[in-house]
1. On a C-alpha basis, how far is the centre of segment 373-408 from the centre of segment 13-50 in Å? Whole number, if you could?
2. If the only charges are +1 at each Lys and Arg Cβ and -1 at each Asp and Glu Cβ, what is the size of the charge dipole of segment 110-268 around the Cα centre, to the nearest 20 debye?
3. Where in the chain lies the longest segment free of GluC sites (Glu not before Pro) that are both loop residues by DSSP (not H, G, I, E, B) and have at most 15 other Cβ atoms within 10 Å?
4. Which value in nm describes the separation of the simple spin-label points at R379 and A269, placed 7 Å from the Cα toward the beta carbon?
5. So how much slack lies between I160 and R405, counting 0.36 nm per residue of separation and subtracting their Cα-Cα distance, in nm?
6. Could you give the accessible area per residue of the chain, probe 1.4 Å, as a whole number in Å²?
7. Where in the chain is the longest stretch that carries no trypsin sites (Lys or Arg not before Pro) classed as loop by DSSP and with at most 12 other Cβ atoms within 10 Å?
8. Between segment 259-294 and segment 129-173, what is the C-alpha centre distance in whole Å?
Amino acid sequence: MVAFHASALDGVARNPSLPTPLLLRLLAFDGGGDGPPRHALQRAGLPESAVVMILAHPNPGARTDFAMSARAEPAQRARLAGDPSLKVRAALAYGPEVYDPRTEVAPLSDAVCVRLLDDPAPSVRTALLDSPHLAPSFVASMAAHHSSAARREAVRAWEILPPGERSALLADPDPGVRRAAALRECRRDARVTAELLRDPKSAAEALRRGLLLRADAERCVAEQTHLAALAENPSLPADLVERLAVDPDETVRLAVSLRPELDEARRMAIDFTVGDLDRGDGVQWVRDGLTDPEVLRRAAVSAHPLLRRAAARSPHLPSDLLCLLARFEDPIVENRLGIHHPDTPEEVLMRVYARLGGTFSAWMAETHPRFPREGLAARYADHPDGNYRRLAVRDPAATPTLIERLSHDPAVWTRQAAAGDPRLPLHRLREALHIPELASSAGANPALPEDEMAAVLNRAGVPA
């Protein structure tokens, strides 16, 4: 198949105006052994006739792509639980690979997960346990499963497990399960923490999270053992916190500076250094409190850059804290607001775009619902940077004449944006279908007439 025919076909596969008869024709396509285009298999709102065709598709790769579709309903994907291909079942068990943090994936039902957890193929069972899309209720239900790997994963639901199941996991015959359970229980049981400290595999995490006996804390300070982890411990006595605040190790002092109980004066009196790329991902008390207004306020108003960066991950920041963080012009804070917060100010999104054009963060800013649209044509249509000229296509006031002009732009991204815009005059849209770098964008243009879509399928060799 000629390359631009394949590109045009790929565009048509994701065209929101693709009629059902052409979609079904596309889904029946073998693609030279590669199966139908992935975009056809992973469209949102597939009609039942299309789902039935995919479920029965002879190419297991097609069924695998559907099993991993973030746009398909869980009940639709679940119909592959009995698929003869273990690769398809493993893909279903793991679920969609999602790179956009704004995309929410609804989990499979507990009943389907139970079936997959008992699948005869180990790869299917492993894929399910590795899935980031499991419902808490299912995770908790694995506490009494015959598989030690499943019981170990059930520990993630520790807070909602009944006391009896917690006790059973703490006494589990499998040492890995017992260790995982103890690392959860140690947060409120100093005896369990003391036991974990004797195990090199768990000592650092126990020091970071466990309820500490003073004698154990003093011994670790004296022996200089895992001090950076110890400095995070919520139960560390105040006098030992002060000793670690002046430790020669910079990582230890930084960990102390992030403790939640410190007031701002004490926090900022500690000699710590924050790098331009330090993200604050390790501030656990903020990560645990991204929906807690009090936690968010304490972190967002702090002078500590890592606390502000940690708070910027929350989509629940109230408007006053959002505005406060937006004023700092910290690149990491701005990137995170652009990714996570639904009300990020336009000026922040534009700064991210201007600073990081062509990167994931810039793409997240540009696809943010609040990214500006009005006035972009007047501001950027003649900008010397093609990355900015492309923004002119977003303006609702851009004329068909301007869109056509931009479809001839020297910058390929600008040409592609114009080729996908429904205001592009039809004669130019037809031309773009035959230009290799524009064919995919033109094929996805929602203004492409049905007969032109059919012609794309014909040229690509898709049987009628």
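1. 32 Å
2. Values: 23 positive and 26 negative charges, 47 e Å.
For this selection, approximately 220 debye.
3. On the way: sites that count: E97, E104, E261, E329, E374, E437.
It runs 105-260.
4. 4.6 nm
5. Numbers: separation 245, 0.36 × 245 = 88.20 nm, distance 5.96 nm.
In short, 82.2 nm is gained.
6. Values: 21350 Å² over 464 residues.
With the other protein chains kept in place, the chain gives 46 Å² per residue.
7. On the way: sites that count: R188, R198, K201.
Maximal segment without exposed cleavage sites: 202-464.
8. Value for the Cα centre distance between the two parts: 31 Å.
The values are calculated or read from the model by the stated rules, or taken from the named source; none is laboratory data. Keep in mind the model is a prediction, meaning the values are calculated, not measured. Reconstructed Cβ throughout: ideal geometry from the backbone, glycine too, with neighbour counts over all protein chains shown. Just so you know, the surface numbers come from the protein's heavy atoms only, side chains and all, with ligands and any DNA or RNA stripped out. Shrake-Rupley method; radii C 1.70, N 1.55, O 1.52, S 1.80 Å.
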